[in-house]
Amino acid sequence: MKLEIQLFPDKRLVYGAIPDIADENILEISCCMKGVCKYRTGSDYYYLTSKSCMILRHDAGSECRTSYSPNYCGISILIDSRCRSAGFADILDMSSVMKSIGSNEQCVLTSSEKIQKLFSEICSEISEPKTSMLRIKTLELLMLLSEQKTVSRDQQALIKQIGAFICRNAADHYTISELSEMFRLNQTTLKEQFRQTFGCPVYSYAKSRKMFRAAELISTSHMRIIDIAEEVGYCNASKFSSAFREVMGVNPKYYQTEHNKLRTQQSCFISENFTY
């Protein structure tokens, strides 16, 4: 199920995978209810998992690509950051809220209980949309998000370097101790700031990167699953299958079968269209 509701002239609510965003000055706030969404912004990777929120600015020159696990379910609020709506100015200082929420170009937050509750309430309202109620809950959500603490840009820069290193070396395994020594950062600080920047622990982030890379190879190549497992650092096929299912929601064989079907359908469609 996919649904899009225009709440205000500059605010859209999207249930399910979000459409491609070509507009500039759009602020995306997404919450994952189930599954995983991968964001690639430049050379950085972010993984939005259950009970976490992604805040992402889509500006001129920025490029973001998203891909989803087959079981993904999420809610997104897309906001024109120029804030044309003035109907609730006496209730909420939207320019101040936007400044606070959009202080970083992107970050992933672990949702508080209040934020999770609000997203769940918004989700339940979507089955029989009541625009007035959705508007109220969305404004309440924006207020809560503006109060969340995020890592400063200077701190975030080093943590992004660590994330990029993990992504470049997806087939390898690095402990917190090893990363701490390599990047000269206290282990506790590394763990806390990594979670604040990427919304999950180092181990979960590394596993998501491995499994999305595996999914990419499954869907675009004819490699055997056992070879793909080794490519992302798994020598044990059973452990790889279990890890893949945890992240993607389905086992690798099923994922491969479905993508082979899709490739066959696309091939048939092309052949039919070029038959004279």
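Taking a 28 Å limit on the Cα-Cα distance, which of the listed pairs LYS11/LYS210; LYS137/LYS191; LYS2/LYS160; LYS51/LYS137; LYS34/LYS210; LYS51/LYS210 fall beyond it?
LYS11/LYS210; LYS137/LYS191; LYS2/LYS160
Please quote Rg/Rh for region 153-262 to two decimal places, taking the Kirkwood radius as Rh and restricting both calculations to Cα atoms.
Numbers: Rg = 15.5 Å, Rh = 14.9 Å.
Ratio of gyration radius to Kirkwood radius: 1.04.
Tell me, how many Å apart are the Cα centres for region 112-137 and for region 166-237?
34
Sorted from fewest to most neighbouring beta carbons within 10 Å, what does the list PHE194, PHE183 look like?
On the way: PHE194 23, PHE183 13.
If I rank by nearby Cβ atoms, fewest first, I get PHE183, PHE194.
Under unit Cβ charges (Lys, Arg +1; Asp, Glu -1), what dipole magnitude, rounded to 20 debye, does region 153-262 have relative to its Cα centre?
Details: 15 positive and 11 negative charges, 45 e Å.
Dipole size: approximately 220 debye.
Taking the number of other C-beta atoms within 10 Å as the exposure measure, put GLU63, GLU121 in order starting with the fewest.
Values: GLU63 8, GLU121 15.
By the 10 Å Cβ count, ascending, the order reads GLU63, GLU121.
Starting with the fewest neighbours, write out THR197, THR189 ranked by other beta-carbon atoms found within 10 Å of each beta-carbon. Walk me through the numbers on the way to the answer.
On the way: THR197 26, THR189 13.
Placing the least packed residue first, the sequence is THR189, THR197.
Coordinate-derived values only; no laboratory data. Just so you know, these numbers come straight off a predicted model, no measurement behind them. As a convention, Cβ positions derive from the backbone with ideal geometry for all residues, glycine included, and neighbour counts pool all protein chains shown.
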